[in-house]
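Let me begin by presenting the structure, written as structure tokens, before commenting on it.
The values are calculated or read from the model by the stated rules, or taken from the named source; none is laboratory data. All values derive from a computational prediction rather than experimental measurement. Note that each Cβ is placed from the backbone with ideal geometry, even for glycine, and that neighbours are counted across all protein chains shown.
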Protein chains: 2
Amino acid sequence: MTKRFWATSGRDIVFETPVLSLRRDRKHRPSAPHTAHDFFVIESVDWVNVIPLTDDDEVVFIEHYRHGTDGMSLEVPGGMIDPEDASPMVAAAREMREETGYAANELIEIGSVHPNPALQENRCFSFLAKGARLVGEPRPDDTEDIDVVRYPRREVPRLLREGRITHALVVAALWWWFQYEELS
Amino acid sequence: MTKRFWATSGRDIVFETPVLSLRRDRKHRPSAPHTAHDFFVIESVDWVNVIPLTDDDEVVFIEHYRHGTDGMSLEVPGGMIDPEDASPMVAAAREMREETGYAANELIEIGSVHPNPALQENRCFSFLAKGARLVGEPRPDDTEDIDVVRYPRREVPRLLREGRITHALVVAALWWWFQYEELS
């Protein structure tokens, strides 16, 4: 494989929002270093998601309105890693507690992806939370309206096949989980 | 499940790039319709990716530099659906031909995802290209430097497990493929 890294001669933030910044990079192809091309990158913190699995083999999903698609989405809990979070695992436990009211003794990192290497620099880390149990009321953000829905684990492949779960990062998390189960 | 769609009272494009636009929506929560919140949505066309499978059971991957992560990425061919593409399937065949030089008689839609329902409205459609064969030289875009790499299909789960493939949309496509194989 040929390594083909482009050089960067300039970068500026062209627009900032509370959850992402749009950055313009001035880049130079290795084979034509004197020609400049502009590429845009979406800057954001790393993300996490977590599959809460109860002792009676149910997965705790959330269903909520998503502003991107202007529709409802069935997902596992997840979100941004906050500056206060000591690690991705801590962020995953916090998001699970806030969005579902569940906690777990054991979180296992099962995989990670780049949400979109073409446009985004960040990663998304996926966790399995074993022995998840309800410990209190959910505490969603001011702008989140969340329904908590449990499904038996054996129904999860069907939820995927039937298109009930469409969030690519949730599909990836469930894939890592199935792989993890198979190998452990 | 409670349907919790938010109303929109305004939207404006705050920044445009050749591949995406950043849009600001003024939204109103169903339970508090007189309070406004701004949410940002990344507008772009729908995307496709395609798994080229040869008659000797090899998958045709591409390896290329990605500006988002500033690194190399192992992926299957894919890209944006162009206005000239009659369908997502046509776009998938075109991208496969351009990026790898391969064509196939049969493309099968195996699944689709929302890349990120929180931030993006678009979809990504995944295809399996059976009987893929080299028909000419790749014709990448001016700004693409692509290496074509073939792997036996039996090695694909290992490539995922070992973290060689990190693009979430490619992970999702491979998941749809494994599901398709299992059921057919």
Among B:Trp47, B:Trp6, which is within 26 Å of B:Val171 (Cα to Cα) and of a type in the set (A, V, I, L, M, F, W, C)? B:Trp47
Out of B:Leu119, B:Leu169, B:Leu159, sole residue that is surrounded by 21 or more Cβ atoms within 10 Å (Cβ to Cβ), under 17 Å from B:His64 (Cα atoms) and not basic (Lys, Arg): B:Leu169
Could you tell me which of the residues B:Arg26, B:Arg11 is farther than 26 Å from B:Gln179 by Cβ, touching a Gly at 6+ places or on another chain (Cβ under 6 Å) and surrounded by fewer than 17 Cβ atoms within 10 Å (Cβ to Cβ)? B:Arg26
So, restricting to strands (runs of 3 or more DSSP E) that lie completely within segment B:1-73, which ones have at least 1 residues that are of a type in the set (A, V, I, L, M), touching a helix residue (DSSP H, G or I) at 6+ places or on another chain (Cβ under 6 Å) and in the same structural domain as B:Pro88 (by TED's automatic domain parsing)? B:47-53, B:58-66
Considering only residues of segment A:161-174 that are at the interface with chain B (Cβ under 7 Å from one of its Cβ atoms) and without any contact (Cβ under 8 Å) to a residue 24 or more places away in the chain, which is nearest to B:Trp177 (Cα to Cα)? A:Arg161
May I ask you to verify whether A:Val156 is part of a helix (DSSP H, G or I), assigned by TED's automatic domain parsing to the domain that holds A:Met89, in contact with a helix residue (DSSP H, G or I) (Cβ under 7 Å, 6 or more places away or on another chain) and not basic (Lys, Arg)? yes
Pairs only if they're at least six apart or on different chains, beta carbon under 6 angstrom, first in segment A:29-56 and touching a residue at least 24 places away in the same chain (Cβ under 8 Å) and more than 8 Å from chain B (Cβ to nearest Cβ), second in a strand (DSSP E or B) and among the hydroxyl-bearing types (Ser, Thr, Tyr); list them, first residue then second. A:Glu43/A:Ser21; A:Asn49/A:Ser126; A:Pro52/A:Tyr102
